[in-house]
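Colleague: If you scroll down you'll find the structure; I have some questions about it.
The values are calculated or read from the model by the stated rules, or taken from the named source; none is laboratory data. Predicted model only: the values in this text are computed from it and were never measured. Because the Cβ atoms are built from the backbone with ideal geometry, glycine has one as well, and the counts that use them run over all protein chains shown.
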Ligand code: MLT
């Protein structure tokens, strides 16, 4: 008799955002006339920018004529896409070889798939609160997971200590959910730790485009990272590809463990497990990295940042402490009156029809906190901000 993957029995009943969407759907079924205001899952609301739409149309036309038609694309990415991403890194003084860039269908898929490179016996360390897919994908793979707590005492930016132990280490900066960003000195400590320990950092840079000022966007801005890190990026939040699906992963050729080269292993993995990513989508991705594409995506990012300001001002008026919002699309607020995060979620839904994400969904150290997303429509965000302010002031 077949044995299923018993590790699934160690997971929570449902994935955080799936649970929330079910609760919201049940509420809407009961109250069909009430509008709801979505500040929950980090899903974008602005349409794809003009440069991307133009590239999509051209790519569709290419597929319509025999002499421009493309069948399978190279599994690790079409050369033009890999070059475009390498050029984007070069602007920050990082010079990846295009063969170190791998196209992907987005960060969340890749964060699970990449675990194929590592022995399931190697333990993962997750700074917590954390994007729940790190933990769930590791549990599904049967990996031991331990946590390093982030809190207001360390500005949600934990650093390695003498007792820190890990084979595989997840770091996310700007952080989802807290919005905290590591500076160069702090990231250097993690890089030195990983190199000393022989660990590998899985660096989630999905929100790098939201950084303002002189903070590192990529772990590869840190000396020594090419020997200990893999960077996972996505066009979902930077360019509105949540429903379009495209991302990229950087695996340096210098990254080796146990006498094996991780870049070569990922080539072996991708050429076996995928037949590439759609030609049409990669052409759209290339458009993101053109001058026109960059100008247009930053207009959308500015729109989301304005939403974040509106939310932060409302929290200021309500006297609520919060983090993030400046270098990230998320605002991480303390629940009012010491409330538990799922209780605050229920209260917001019931009383003001605003959906957020309970901090506990990002792990035990997120209890007592709540995440607001700035990816919504501006008008709805303004209404939601006013409602949150008056709800909190009335408690
Ligand atoms: C989030 O809300 O944390 C993310 O948008 C979810 C995701 O990217 O999968």
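Colleague: Give the residue that is nearest to residue 33 (Cα to Cα), with candidates limited to residues of the stretch 332-380 that are in a loop (DSSP other than H, G, I, E, B) and away from the ligand (no atom under 13 Å from the Cβ).
Modeller: Residue satisfying both the conditions and the ranking: 353.
Colleague: Quick check on this structure: which one of 69, 18, 102 is under 25 Å from the mean Cα position of the chain (by Cα) and more than 30 Å from residue 299 (Cβ to Cβ)?
Modeller: Among 69, 18, 102, only 18 is under 25 Å from the mean Cα position of the chain (by Cα) and more than 30 Å from residue 299 (Cβ to Cβ).
Colleague: If you don't mind, there's one more thing I want to ask. Considering only the stretch 37-79, state which residues are within 16 Å of the ligand (Cβ to nearest atom) and assigned to a loop (DSSP other than H, G, I, E, B).
Modeller: Listed by number, the residues that qualify are 39, 40, 41, 42, 43, 44, 45, 46.
Colleague: Take residue 59 and decide whether it is surrounded by 15 or more Cβ atoms within 10 Å (Cβ to Cβ) and either farther than 17 Å from residue 349 by Cβ or within 23 Å of the chain's Cα centre (by Cα) (or both).
Modeller: It is true that residue 59 is surrounded by 15 or more Cβ atoms within 10 Å (Cβ to Cβ) and either farther than 17 Å from residue 349 by Cβ or within 23 Å of the chain's Cα centre (by Cα) (or both).
Colleague: Looking at the structure I just gave you, is residue 29 more than 16 Å from the ligand (Cβ to nearest atom), loosely packed, with under 10 Cβ neighbours inside 10 Å, within 30 Å of residue 371 (Cα to Cα) and assigned by TED's automatic domain parsing to the domain that holds residue 350?
Modeller: yes
Colleague: So, one more: So the check is Cβ under 6 Å with 6+ separation or different chains; which pairs have a first residue in the stretch 232-256 that's on the phi < 0 side of the Ramachandran plot and a second one that's assigned to a strand (DSSP E or B) and away from the ligand (no atom under 14 Å from the Cβ)?
Modeller: These pairs meet every condition: 232/249; 233/248; 248/101; 248/103; 249/102; 250/101; 250/231; 251/230.
Colleague: While we're here: Is it the case, given these coordinates, that residue 114 is away from the ligand (no atom under 16 Å from the Cβ) and in a helix (DSSP H, G or I)?
Modeller: Against the criterion (away from the ligand (no atom under 16 Å from the Cβ) and in a helix (DSSP H, G or I)), residue 114 does not qualify.
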